[in-house]
């Protein structure tokens, strides 16, 4: 390849790669450096492993890692699992399918904080849900559902917010599968479930991986849903990071931040790899 | 016992009748082609037989069992798609094995069937390739193989050659027929290509507007079309409306048409005085006797010459193996009486 051609390629990639390397790369570098005691905002600037040792030694850190991983994984899997049947249902246009599709995607337009407040209002002790259940005679007294310890509220919010995104990606992929291919599978004896696991899922795996990775990263690093609707006895990694930052301990906050980035990357890769492994195994 | 019996089958879509009162019996090992123009209902009929469409009325029997309500995945038929419909994420071997795995065929039997079919279809060297690494002809063979390994009671083809080039089409056409005979399969083949239908079939079902126009062997369909549509659709035909003048000699009827008077061999009496008749352009003989006609256009076609002629108030075509007639020449055209066919439909 000639030098001129190399230059053309570099120039073409620059607007995208330049932004990633320049801006995101700088932030990542600063976070990593701060976690090792460098770039101190209080003036101290010395390489040390002290912050890593201190933060990783705390029980709250291990708990927040487990909790964030749980929220990220469950949200990603359930969002995709719910989006798949809807994507298959909406694969072929029918009367009203456009409206249904638009309604299903509406949560994407609602900001997370607004959604969280709405949700709290619905499930609050004196909220609409409790009132409705009592009015219907199903519950004798109001139940406490807000900030539940198993983070069910956070998961509902994550799925509500992320499922439309998964649906968007999966609908495109599922619509790309020709009718003839699905009919051929049916003709060869594959029922609805076999057609899904042996044809639809393997042929839409790239969209599924993309949806899972993006949802996982977003849900794992979630702050707003957790602060408003999350359990009070656990902290997510983002919460822990803000906790350190609020105390002026930027180096410890950076340790949590770097761990979050690393785990998000690893987790996303693991989920994508696992999905491919499972689907490739099932398609045979 | 018949392999397939279709009884009084009707299929409607939102008030539109795609198939109307179809009755058809197919014998075991028979190769039957559904032929007709676009929109005549041939693919709809194939989809009803394969189970992808439910008939509005009527029944379908396969080897005596009523399969009308049985879904395609549980019906003992195998369909070869026009688009091949191979699974793009699976290798050739996995494509061939797909149906056998669904039917939980044991591995040794699976391997035996797949190897047998792959050798017959010359696919042994392609087994580990993905469909997108194969040529059109190879993909078609995989599609055919995928159906054959199932050893179905009935194999169905939905215009399987339409995506192939002319040379490959001839080759695959012969292969399909050979394999169908080798395996003794009952086959239903859909095409709009009359030459394909005539070359491959034991019998041809000619469909028009959702109805069966004629069911016959290719030879009968060509030489004895029963209706104006059949005469027009299969090969080239000169169709005229005429008045019966009377019986010239026993079994020979004189009919006056706008192009002149023709003598037609017909046992019995024509149903009405006004009739429709047809003859093939290649059956006309240019010579000293017959109707006087002027050549309007001469078109050399290689193994014959096509002459567009005018006689009286009518026009017709003549195909001659050898002729010196040029545009504007006056020639005499004779059509042997036994080559003229009286059509059943009213003019």
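Quick one: how many residues across segment A:41-90 are in contact with a helix residue (DSSP H, G or I) (Cβ under 7 Å, 6 or more places away or on another chain), surrounded by fewer than 19 Cβ atoms within 10 Å (Cβ to Cβ) and not in a helix (DSSP H, G or I)?
Here the count works out to 1.
State which residue is nearest to residue B:257 (Cα to Cα) when the search covers only segment B:306-326 and only residues that are under 30 Å from the mean Cα position of the chain (by Cα) and buried (at least 18 other Cβ atoms within 10 Å of the Cβ).
Within segment B:306-326, the match that is nearest to residue B:257 (Cα to Cα) is B:316.
I'd like the full set of residues that are in contact with a helix residue (DSSP H, G or I) (Cβ under 6 Å, 6 or more places away or on another chain), touching a residue at least 60 places away in the same chain (Cβ under 8 Å), surrounded by fewer than 24 Cβ atoms within 10 Å (Cβ to Cβ) and within 30 Å of residue A:169 (Cα to Cα), limited to segment A:214-238.
Hits for segment A:214-238 are A:217, A:221, A:224, A:228.
State whether one or more residues within segment A:188-207 are in contact (Cβ under 8 Å) with a residue 24 or more places away in the chain, in a helix (DSSP H, G or I) and either more than 14 Å from chain B (Cβ to nearest Cβ) or more than 30 Å from residue B:149 (Cβ to Cβ) (or both).
yes
Count, please, the residues in segment B:131-151 that happen to be out of contact with any helix residue (DSSP H, G or I) (no Cβ under 8 Å at 6 or more places or on another chain) and part of a loop (DSSP other than H, G, I, E, B).
The number of residues fulfilling the criteria is 1.
Determine if segment A:177-185 includes at least one residue that is more than 11 Å from chain B (Cβ to nearest Cβ), surrounded by fewer than 20 Cβ atoms within 10 Å (Cβ to Cβ) and either modelled with pLDDT of 95 or more or within 21 Å of residue A:92 (Cα to Cα) (or both).
no
Out of everything in segment B:112-159 that is within 14 Å of chain A (Cβ to nearest Cβ) and over 29 Å from residue B:27 (Cα atoms), what residue ends up being surrounded by the most Cβ atoms within 10 Å (Cβ to Cβ)?
Selected residue: B:139.
Test of understanding: among A:155, A:118, which residue is in a helix (DSSP H, G or I) and either buried (at least 18 other Cβ atoms within 10 Å of the Cβ) or in contact with a strand residue (DSSP E or B) (Cβ under 9 Å, 6 or more places away or on another chain) (or both)?
It is A:155.
Restricting to strands (runs of 3 or more DSSP E) lying wholly in segment B:1-98: which have 3 or more residues that are in contact (Cβ under 8 Å) with a residue 40 or more places away in the chain and crowded, with 22+ Cβ neighbours inside 10 Å?
Qualifying strands (runs of 3 or more DSSP E): B:4-13, B:16-26, B:31-35, B:77-80.
Since residue B:109 meets every condition but one in (1) part of a strand (DSSP E or B); (2) away from every other protein chain (no Cβ under 13 Å), which condition does it not meet?
(1)
Can you tell me which of B:338, B:345, B:327, B:306 is in a loop (DSSP other than H, G, I, E, B) and at pLDDT 90 or above?
When all the criteria are applied, what remains is B:327.
The values are calculated or read from the model by the stated rules, or taken from the named source; none is laboratory data. Please read these numbers as outputs of a predicted model, since none were measured by experiment. Glycine also receives a Cβ, built like all others from the backbone with ideal geometry; neighbour counts cover every protein chain displayed.
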